[in-house]
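Below: one structure, written as structure tokens.
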Amino acid sequence: MLISVYASSGNEFYSMNDTPIQTLEDIGSRKMWGLPGVVANTLKGTGSSVVAGPAVQMLEIISKGVVDGYAGVPWGSVAAFKIGDYTKSATELENKLFQPTFSFLISRAKWDKFSAEDQTAIMDVMGADFAAFAGKVQDGANDKARAAMIDAGIEIVEGSEELETDLRKLGQPVTDKWVAQMAEAGIDGQAVIDSYLARIAEREAAASN
């Protein structure tokens, strides 16, 4: 039984040498660290020699100069894993390369053992309310870490529409595969994606007013 789901903050591209990442060629010409799966596979599509691994291995790999750049983590993780000292610039995209989601699940058998009062109390702090809370916590951590990195001299580069377009093309097979899987389950996957993007646009518009 799903009791809440929230999206983690999107990630940026980070350069460890004097050249900021501004094009697909910039990514492909250097060795990159990336989270396994979507991130690593997309980076490989640029021609980059990719070192893939869990976030807990970032400090060891990056501090030793094994790679020239990395992607797959937000600003808060750069601070948490203490890799800011090895970072010279960050390229921020409006539409992120990767943004994982996390789900809170409980077995129906366990849930049914709770009293109706306890079930209500749990759901009062979960669902959409918890998702909003998690988002605010992450935004706060990322904003604080980003400001600290700027103060430390890390350059911020705005990613171009061309770079976003090129990355979207590289990632399209992942979307196509998911849509096909949903079709097998009798679900219109593209309609789900369109609805999701429309909701994001609505919330962003409401937040800016």
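The values are calculated or read from the model by the stated rules, or taken from the named source; none is laboratory data. Keep in mind that this is a model prediction, so the values were computed, not measured. Cβ coordinates were reconstructed from backbone atoms using ideal geometry, including for glycine residues, and neighbour counts include every protein chain displayed.
Counting residues in segment 105-128 that are over 30 Å from Pro36 (Cβ atoms), of a type in the set (Phe, Trp, Tyr) and either surrounded by 10 or more Cβ atoms within 10 Å (Cβ to Cβ) or in contact with a helix residue (DSSP H, G or I) (Cβ under 6 Å, 6 or more places away or on another chain) (or both) gives one or more.
Looking at (1) assigned to a helix (DSSP H, G or I); (2) of a type outside the set (Gly, Ala, Ser); (3) out of contact with any Ser or Thr (no Cβ under 6 Å at 6 or more places or on another chain); (4) under 28 Å from Thr46 (Cβ atoms), which is the one condition that is false for Arg203? Of everything listed in (1) assigned to a helix (DSSP H, G or I); (2) of a type outside the set (Gly, Ala, Ser); (3) out of contact with any Ser or Thr (no Cβ under 6 Å at 6 or more places or on another chain); (4) under 28 Å from Thr46 (Cβ atoms), Arg203 misses just condition (4).
State whether one or more residues within segment 31-43 are in contact with a Ser or Thr (Cβ under 7 Å, 6 or more places away or on another chain), over 19 Å from Glu161 (Cβ atoms) and surrounded by fewer than 20 Cβ atoms within 10 Å (Cβ to Cβ).
Yes: one or more hits.
Among the candidates Phe114, Phe98, the residue that is more than 14 Å from the chain's Cα centre (by Cα) and among the aromatic types (Phe, Trp, Tyr) is uniquely Phe114. Selection of first residues in segment 165-183 that are at negative phi and of second residues that are loosely packed, with under 13 Cβ neighbours inside 10 Å and of a type in the set (D, E, K, R), restricted to Cβ pairs under 8 Å at least 6 apart or on distinct chains, gives the following pairs, ordered by first then second residue: Met182/Asp188.
A quick yes/no check of all residues on (1) over 19 Å from Leu2 (Cβ atoms); (2) of a type in the set (Asp, Glu); (3) modelled with pLDDT under 95; (4) in contact with a Gly (Cβ under 7 Å, 6 or more places away or on another chain):
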| site | (1), (2), (3), (4) |
| --- | --- |
| Gly127 | no, no, yes, no |
| Asp139 | yes, yes, yes, no |
| Asn142 | yes, no, yes, yes |
| Ala147 | yes, no, no, no |
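Please go through segment 89-104 and give me each residue that is more than 17 Å from Arg30 (Cβ to Cβ) and either touching a Lys or Arg at 6+ places or on another chain (Cβ under 8 Å) or in a loop (DSSP other than H, G, I, E, B) (or both), ordered by number. Quick ask: steps written out before the conclusion?
Of segment 89-104, the ones more than 17 Å from Arg30 (Cβ to Cβ) are 92-96, 98-104.
Scanning segment 89-104 gives Leu93, Glu94, Asn95, Lys96, Phe98, Gln99, Pro100.
Against the condition of a type in the set (Gly, Ala, Ser), under 24 Å from Gln22 (Cβ atoms) and surrounded by 13 or more Cβ atoms within 10 Å (Cβ to Cβ), how does Ala141 come out, does it pass? So that I can check it myself, show each step before the final result.
Values: of a type in the set (Gly, Ala, Ser): yes; under 24 Å from Gln22 (Cβ atoms): no; surrounded by 13 or more Cβ atoms within 10 Å (Cβ to Cβ): yes.
It is false that Ala141 is of a type in the set (Gly, Ala, Ser), under 24 Å from Gln22 (Cβ atoms) and surrounded by 13 or more Cβ atoms within 10 Å (Cβ to Cβ).
Every test in (1) within 25 Å of Val174 (Cα to Cα); (2) surrounded by fewer than 21 Cβ atoms within 10 Å (Cβ to Cβ) is passed by Ala79 save one, and that test is (1). The single condition among (1) in a helix (DSSP H, G or I); (2) touching a helix residue (DSSP H, G or I) at 6+ places or on another chain (Cβ under 9 Å) that Ile156 does not meet is (1).
Selection of segment 1-21 for residues being under 18 Å from the mean Cα position of the chain (by Cα) and either in a strand (DSSP E or B) or without any contact (Cβ under 8 Å) to a residue 24 or more places away in the chain (or both) yields Val5, Tyr6, Ala7, Phe13, Tyr14, Ser15. Close contacts from segment 133-160, counting a first residue that is farther than 18 Å from Thr91 by Cα and a second that is in a helix (DSSP H, G or I), with Cβ to Cβ under 7 Å and a gap of 6+ residues or different chains, come to Gln138/Gly76; Ala141/Gly76.
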